[in-house]
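Enquirer: Here's a structure for you.
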Amino acid sequence: MGGSAISEFSPAFIEAFNSGAAHFQAGRFTEAADVFRRLANERPEIPNLHGNLGLSLRAAGRPDEALEPLRQALRLRNDYPDALNALGGILLDQRNLDHALLAYQELVRMKPDYPSALLALGNLYMFTGDANRAREAYRRAILVEPEIATNHNNLGAVCLSLGDPAEAAHHYRRALVIDVGRPEYRKNLGTCLMMAGDYPNGTAAYEGRLEQGVWRKRNMPGVLWQDQPLAGKTLLVHFEQGLGDSFQYIRYASVLRRMGARVIYECQPALKRVLSTAPDLDGLFAFGEALPPYDYYVSLMSLMHRLGTTPDTAPGGVPYLRAEPERVADWADRLNRLEGGERPRLRVGINWHGNETGKSIPLECFEAMGRLPDVRLYSLQKVSGLNQLEQLRDRVRVTELGADFDSGPDAFVDTAAVITSMDLIITCDTSVCHLAGAMGRPTWVVLKWFADWRWMQHRLDSPWYPTMRLFRQARANDWAEVMGRVTTQVAALATGAMTR
């Protein structure tokens, strides 16, 4: 609560002011707001009354009502950090990022040691895509508040986004020293180390994710597998995260089978059919179906750690997923009809839109590729991103596969069949790239500047998929440049000047 020299006021005024402060301290924020509103109406020239009203309303969960009192307090007193911090916080919650940024910039200028002000400023720079300024703000936050673990964790995140996993790991470890064993920081350290190629330490730290409340947790009955002998035992492996993860890591069934296990896998319901071709599974069950008895269970994403995976020992066996022969034949016929019986030299299946921020390629970046001689683009996109097809149909030449393409309850069965008939798949970082890679098809993945940890750093290939090439942004958010390189390579491939 903002302080004020109120000794000049009447005893009744002072008593009311103190009662408002007492209500606030006791957590009775609505009662506090009622008191400060009445006092502010009586003495509208006093900034602290408006400020305390705004602080009380915000604390009472009424942020929209708090905005005007806070602004009035700042009009009357421009050096009022509590009001400015509250105003910035409300604007941030409302995702009014530009105005929140101005508020926190002014707060830091006014009072650099205001608690968490530099942290909030760094967060805002990250939200607005200015990683370099975010890094500077977090560094200043650590100088002001060196024992706040969040400062180190967030600095680690921005360093990783700027391509410096060594500095990122240093700050993640510092966060773990301050807040010992916090699962979020362990997981973050794990992703950082795996991005740098240190899988032995990275996969161990990545296990911290299983203790985070925000992650999908399973209360599986039975005994967790923690390296107990598997000979003659039934091991239930259950999915944990995205669809692409199931495509990427289902290959571990073969490793577990060689260890003597009977392996059953519980998958996302939509994937049961497309995963039915995976080898070395003794049972495949959709989430919600009754499971048979088992001796141990383990999360799919924990197998990297439990089996000691490194980039050099990633399980192979590609291809290990296949399309249904009947679907392949049907789609081969449909593609032939779409082409009028004149097959282009290069069929390219494209998938441009993902669900995570920053991973999607603007469809317009495929315009030049779609005009190449002897190249025909086919859309593998489903649900999201289709509005771009409608908007750019006159500019980007993409063949659409019809409303019935993967329209049933079983995801990817048509996609897998079409992938089989393609000469090349070009995709952003989404589940399609993992399916195509698991099928052993020529696949080019176009990655944002700060790519997911599984693609590591700088590599142009993937230890997980031998038929995959990686194309990375040279600069953050610059899709045009990287897609220019991809288009040049497609042109060379179409003319026979290079191999896939």
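Enquirer: Give me a count of the residues in region 277-326 that are farther than 18 Å from Leu435 by Cα and among the basic types (Lys, Arg).
Expert: So the answer is 1.
Enquirer: A further question follows. How many of the residues in region 45-64 are surrounded by 17 or more Cβ atoms within 10 Å (Cβ to Cβ) and either farther than 18 Å from Phe13 by Cβ or not assigned by TED's automatic domain parsing to the domain that holds Pro112 (or both)? Before the answer, list the steps.
Expert: Here is the first cut: in region 45-64, the residues surrounded by 17 or more Cβ atoms within 10 Å (Cβ to Cβ) are 46-60, 63.
With the extra rule that they be either farther than 18 Å from Phe13 by Cβ or not assigned by TED's automatic domain parsing to the domain that holds Pro112 (or both), the set shrinks to 54-55, 57-60, 63.
Of the residues in region 45-64, 7 are surrounded by 17 or more Cβ atoms within 10 Å (Cβ to Cβ) and either farther than 18 Å from Phe13 by Cβ or not assigned by TED's automatic domain parsing to the domain that holds Pro112 (or both).
Enquirer: Additional query: Out of all the residues in region 62-93, which are over 29 Å from Glu147 (Cα atoms) and within 31 Å of the chain's Cα centre (by Cα)?
Expert: In the first step, residues of region 62-93 are kept if they are over 29 Å from Glu147 (Cα atoms); the result is 62-78.
Listed by number, the residues that qualify are Arg62, Pro63, Asp64.
Enquirer: Looking at Val318, Val348, Val298, Val328, which is the one that is crowded, with 16+ Cβ neighbours inside 10 Å, in a loop (DSSP other than H, G, I, E, B) and not hydroxyl-bearing (Ser, Thr, Tyr)?
Expert: Matching residue, one of Val318, Val348, Val298, Val328: Val318.
Enquirer: Would you mind stating whether Gly354 is over 30 Å from Arg257 (Cβ atoms), surrounded by 15 or more Cβ atoms within 10 Å (Cβ to Cβ), at pLDDT below 95 and not hydroxyl-bearing (Ser, Thr, Tyr)?
Expert: Yes: the conditions hold for Gly354.
Enquirer: Right, next: What pairs come up if the first residue lies in region 449-478 and is under 17 Å from Glu356 (Cα atoms), the second is among the acidic types (Asp, Glu), and their beta carbons are under 8 Å apart, counting only those six or more places apart or on different chains?
Expert: From residues that are under 17 Å from Glu356 (Cα atoms), the pairs are Trp449/Asp478; Ala451/Asp429; Asp452/Asp429; Trp455/Asp429; Gln473/Glu481.
Enquirer: Moving on. Quick check, is Ala100 surrounded by 19 or more Cβ atoms within 10 Å (Cβ to Cβ), closer than 18 Å to Ser116 by Cα and either of a type in the set (Phe, Trp, Tyr) or modelled with pLDDT of 95 or more (or both)?
Expert: yes
Enquirer: Against the conditions (1) assigned to a helix (DSSP H, G or I); (2) out of contact with any Phe, Trp or Tyr (no Cβ under 8 Å at 6 or more places or on another chain); (3) closer than 20 Å to Thr309 by Cβ, where does Asp280 fall short? Just the number, please.
Expert: (1)
Enquirer: Taking Arg173 as meeting all but one of (1) in the same structural domain as Ala286 (by TED's automatic domain parsing); (2) part of a helix (DSSP H, G or I); (3) not β-branched (Val, Ile, Thr), write down the number of the exception.
Expert: (1) is the only condition that Arg173 fails.
Enquirer: Being over 25 Å from the mean Cα position of the chain (by Cα) and part of a strand (DSSP E or B) is the requirement here; does Arg376 meet it?
Expert: It is true that Arg376 is over 25 Å from the mean Cα position of the chain (by Cα) and part of a strand (DSSP E or B).
Enquirer: Please state which one of Phe13, Phe24 is aromatic (Phe, Trp, Tyr) and modelled with pLDDT of 95 or more.
Expert: Phe24
Enquirer: I've got another one for you. Checking the conditions here, which among Val214, Val223 is hydrophobic (A, V, I, L, M, F, W, C), surrounded by fewer than 17 Cβ atoms within 10 Å (Cβ to Cβ), modelled with pLDDT under 95 and out of contact with any Gly (no Cβ under 7 Å at 6 or more places or on another chain)?
Expert: Criteria check complete, one pass: Val214.
Enquirer: A further question on this structure: Hey, could you check region 392-430 for residues that are crowded, with 23+ Cβ neighbours inside 10 Å and among the hydroxyl-bearing types (Ser, Thr, Tyr) and say which is farthest from the chain's Cα centre (by Cα)?
Expert: Here the answer is Thr415.
Enquirer: Turning to a different aspect of this structure: Among the residues that make up region 444-462, is at least one of them outside the structural domain of Phe247 (by TED's automatic domain parsing) and more than 25 Å from the chain's Cα centre (by Cα)? Even if it seems obvious, please write down each step before you answer.
Expert: Residues of region 444-462 that are outside the structural domain of Phe247 (by TED's automatic domain parsing), as a first pass: 444-462.
Narrowing further to those that are more than 25 Å from the chain's Cα centre (by Cα): none.
No: region 444-462 contains no residue that is outside the structural domain of Phe247 (by TED's automatic domain parsing) and more than 25 Å from the chain's Cα centre (by Cα).
Enquirer: Suppose we filter Arg135, Arg109 for residues that are more than 30 Å from Ala12 (Cα to Cα), touching a Cys at 6+ places or on another chain (Cβ under 7 Å), of a type in the set (D, E, K, R) and at pLDDT 95 or above; which single one remains?
Expert: Arg135
Enquirer: Quick one: which of Leu271, Leu256 is buried (at least 21 other Cβ atoms within 10 Å of the Cβ), more than 29 Å from the chain's Cα centre (by Cα) and farther than 30 Å from Gln391 by Cβ?
Expert: Result of the check over Leu271, Leu256: Leu256.
Enquirer: Continuing with this model, one more query. Pull up region 434-449, narrow it to residues that are within 30 Å of Asp130 (Cα to Cα) and of a type in the set (A, V, I, L, M, F, W, C), then point me to the one that is modelled with the lowest pLDDT.
Expert: Once the filter is applied, the top-ranked residue is Trp449.
Enquirer: While we're here: Taking the residues in region 177-205 that are surrounded by fewer than 22 Cβ atoms within 10 Å (Cβ to Cβ) and of a type in the set (A, V, I, L, M) as candidates, determine which candidate is nearest to the chain's Cα centre (by Cα).
Expert: Within region 177-205, the match that is nearest to the chain's Cα centre (by Cα) is Ala196.
Enquirer: State the number of residues belonging to region 420-468 that are assigned to a loop (DSSP other than H, G, I, E, B) and closer than 23 Å to Lys272 by Cβ.
Expert: 6
Enquirer: Let me ask you something else. If you take the residues of region 363-387 that are surrounded by 14 or more Cβ atoms within 10 Å (Cβ to Cβ) and touching a His at 6+ places or on another chain (Cβ under 7 Å), which of them is nearest to Asp423 (Cα to Cα)?
Expert: Filtering region 363-387 for residues that are surrounded by 14 or more Cβ atoms within 10 Å (Cβ to Cβ) and touching a His at 6+ places or on another chain (Cβ under 7 Å), the one nearest to Asp423 (Cα to Cα) comes out as Gln381.
Enquirer: Sticking with this one: Would you check which residues across region 301-315 are surrounded by 16 or more Cβ atoms within 10 Å (Cβ to Cβ) and either in a helix (DSSP H, G or I) or among the polar types (S, T, N, Q) (or both) and list them?
Expert: The answer is Met301, Ser302, Leu303, Met304, His305, Arg306, Thr309.
Enquirer: Further question on the same structure: Output yes when any residue across region 33-41 is free of Cβ contacts under 8 Å to residues at least 24 places away in the same chain, within 36 Å of the chain's Cα centre (by Cα) and surrounded by 17 or more Cβ atoms within 10 Å (Cβ to Cβ), and no when none is.
Expert: no
The values are calculated or read from the model by the stated rules, or taken from the named source; none is laboratory data. Every value quoted in this text rests on a predicted model; they were computed, and no experiment measured them. Heads up, the Cβs are rebuilt from the backbone with ideal geometry, glycines too, and the neighbour counts pull from every protein chain shown.
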